[in-house]
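Engineer: Starting off with a structure, shown below.
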Ligand SMILES: [Zn+2]
């Protein structure tokens, strides 16, 4: 049986069709329209086109930049705001005449890496996306852990742990709180902190280049960033003790993270020792749609 996975983003919709082994047999990408009705229509059109290619019906899973509230059964917290308030899974189920599974895109990332990615073979995978913003997802036995409120993995909106005096009241977060982890360890937060300290690189790759040349502002900013990331992830380890931490998003390409984080984590994890592997994702940007496809299970059992 084939699985169709759709990564519905704010700017583009990416689709993959995979066979039972995870081999990709079809891909398609299209811009995201800005109304709910058009978004549904394009998804139906994409699924029809894919199934015409496959010659058979497939399961459909969708990753969205928000959550489907288990309380109201409607989309909320989506930055593609035109999805909010709609019962997207039941609307699509009617249009496609089959059940459709929908999950948060960071949870899809965790599932993708848990099934056949960098977390393959691990029971509890905590996936962290460090990009413009910061997201996370939890996969347990290769399935999404969504939680009763639908917010499993929303670790980025806890306050930064063990804040220093100069970290209090630093930044307002879009969620309505202050000093959220996201405001420190996202690419945006990393750059903001560096600029406030006097650095002038325009992007994270430029900052990292300066650091490799010995620039003191870049070096100090990265030291603050990696220490904050260690504190934030130590909270995850103290709470869930995942079998692996898989990093995704643009910042996951900073190789020195994988050398420095394991040295810092034991300073913050209870008991002062930490064996949790911290690894880079395997599937990169494809993890969102691959994880959405795997919402129907790697072995067809769920
Ligand atoms: Zn927040």
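Engineer: Collect the residues in region 86-97 that are touching a strand residue (DSSP E or B) at 6+ places or on another chain (Cβ under 7 Å) and in a loop (DSSP other than H, G, I, E, B), keeping them in residue-number order. Steps first, answer last, please.
Structural biologist: Quick first cut of region 86-97, residues touching a strand residue (DSSP E or B) at 6+ places or on another chain (Cβ under 7 Å) only: 86, 88-89, 96.
Once the filter is applied, which keeps residues that are touching a strand residue (DSSP E or B) at 6+ places or on another chain (Cβ under 7 Å) and in a loop (DSSP other than H, G, I, E, B), region 86-97 yields only 86.
Engineer: Under 8 Å between Cβ atoms, which residue pairs at least 6 apart in sequence (or on different chains) link something in region 170-181 that is in contact (Cβ under 8 Å) with a residue 24 or more places away in the chain with a partner that is within 8 Å of the ligand (Cβ to nearest atom)?
Structural biologist: 180/156; 180/157; 180/173; 181/156; 181/157
Engineer: Which residues, taken from region 253-281, are touching a residue at least 60 places away in the same chain (Cβ under 8 Å) and either surrounded by fewer than 16 Cβ atoms within 10 Å (Cβ to Cβ) or in a strand (DSSP E or B) (or both)?
Structural biologist: 279, 280
Engineer: Moving on to the next point. Looking at residue 154 and the list (1) at pLDDT below 95; (2) surrounded by fewer than 18 Cβ atoms within 10 Å (Cβ to Cβ); (3) within 30 Å of residue 68 (Cβ to Cβ), which single condition is not satisfied?
Structural biologist: (2)
Engineer: Condition (residue is more than 18 Å from residue 294 (Cβ to Cβ) and at pLDDT 95 or above) applied to region 15-27: is it met by at least one residue?
Structural biologist: Going through region 15-27, the residues more than 18 Å from residue 294 (Cβ to Cβ) turn out to be none.
The answer is no; no qualifying residue exists.
Engineer: Moving on. Check residue 188 against each of (1) away from the ligand (no atom under 16 Å from the Cβ); (2) in a helix (DSSP H, G or I); (3) surrounded by 13 or more Cβ atoms within 10 Å (Cβ to Cβ) and name the one condition it does not meet.
Structural biologist: Single failed check for residue 188: (1).
Engineer: Counting only residues that are more than 9 Å from the ligand (Cβ to nearest atom) and at negative phi, how many does region 150-162 have? Don't jump to the end; show me each part of the working.
Structural biologist: Of all residues in region 150-162, those more than 9 Å from the ligand (Cβ to nearest atom) come to 150-153, 155, 160-162.
Still in the running and at negative phi: 151-152, 155, 160-161.
Final tally of qualifying residues: 5.
Engineer: Shifting gears a bit: Among the residues of region 163-180, write down those that are surrounded by fewer than 16 Cβ atoms within 10 Å (Cβ to Cβ), in a loop (DSSP other than H, G, I, E, B) and near the ligand (Cβ under 9 Å from one of its atoms).
Structural biologist: Within region 163-180, 174, 175, 176, 177 qualify.
The values are calculated or read from the model by the stated rules, or taken from the named source; none is laboratory data. Quick caveat, the model's predicted, so the values are computed rather than measured. Heads up, the Cβs are rebuilt from the backbone with ideal geometry, glycines too, and the neighbour counts pull from every protein chain shown.
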